[in-house]
Every structure is written in C-alpha cells, then in structure tokens.
1. Can you give me the accessible area per residue for the chain, using a 1.4 Å probe, in Å²?
2. Leaving out ligands, DNA and RNA, what percent of the accessible area of the chain is carbon and sulfur, probe 1.4 Å?
3. Calculate one ³J(HN,Hα) per residue across the stretch 82-89 by plugging θ = phi - 60° into the Karplus curve 6.51 cos²θ - 1.76 cosθ + 1.60, and present them in order as whole Hz with x for glycine and proline.
4. Kindly state, to the nearest 0.05, the FRET efficiency for LYS3 paired with TRP89, given R0 = 22 Å and r defined as their beta-carbon distance.
Amino acid sequence: LDKKDAWIQYHAVDFGKKKFKKIQINACSETGGSVQIRLNNAGGPILSEVILPKNNQWNILTAKVKKAQRGVHNLVVVSTSDQPVQIDWMSFK
C-alpha cells in the first residue's frame with residue numbers, strides 16, 4: 001500500500017461463529033504508517049486500526065478488534081497514512 005487510501009480486499013473471509021477480540025498482522029513500513037481493517041468495502045465499518053512503527057524489518061503487530069463480526073464478509077485493508085506499508089498476513093484471535 002503506497003499512499004493514503006490505497007487498499008486491498010480479501011474476498012469471502014469466514015469469521016465463523018466466534019467473536020474475535022484481537023488481530024495480528026505481519027507488516028513492515030520503513031517510515032512508519034497506519035492501516036484500518038474494514039468490513040465489506042473500503043468505506044465499511046472499521047474492525048481495527050493498526051499503527052506500524054518505523055522499521056525496515058517485518059513485525060507481528062497486535063491490535064484490538066473494535067467490532068466483532070460473525071459469518072462471511074469481504075475484508076479490506078486501507079492505508080490511512082501517506083507512508084508506504086507492506087502487509088504479509090493477518091490473523092484473528
């Protein structure tokens with residue numbers, strides 16, 4: 001994600017019946033940055049916001065899930081800063 005409002009979508013993510021409380025992402029940003037994890041589309045409800053520290057190494061970061069979801073939804077990661085951000089994977093706990 002190379003600029004503010006850049007996004008990527010994961011289709012048909014099955015959250016099952018559990019209510020997840022945390023998200024972990026493996027991410028990297030040489031200049032620091034932030035992303036929002038949203039439901040269904042780039043303007044959808046915010047599940048979580050993750051702040052990435054300035055670092056040229058991959059980091060596993062943990063953030064709270066603000067709004068637990070169940071069932072199948074599209075999941076969208078939106079950059080909220082003008083700093084380039086790389087994301088390898090995400091996991092809900």
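1. That works out to 60 Å² per residue.
2. So the carbon and sulfur contribution to the accessible surface is 48 percent.
3. Values per residue, Gly and Pro as x: 7, 8, x, 10, 10, 10, 8, 7 Hz.
4. Values: r = 22 Å, r/R0 = 0.99.
E(calc), rounded to 0.05, equals 0.50.
The values are calculated or read from the model by the stated rules, or taken from the named source; none is laboratory data. Bear in mind that the values here come from a model prediction, so they are computed numbers and not experimental data. A quick note on method: Cβ atoms are made from the backbone with ideal geometry, for glycine too, and the neighbour counts reach across all protein chains shown. Note: areas computed on protein heavy atoms with side chains; ligands, DNA, RNA excluded. Shrake-Rupley method; radii C 1.70, N 1.55, O 1.52, S 1.80 Å.
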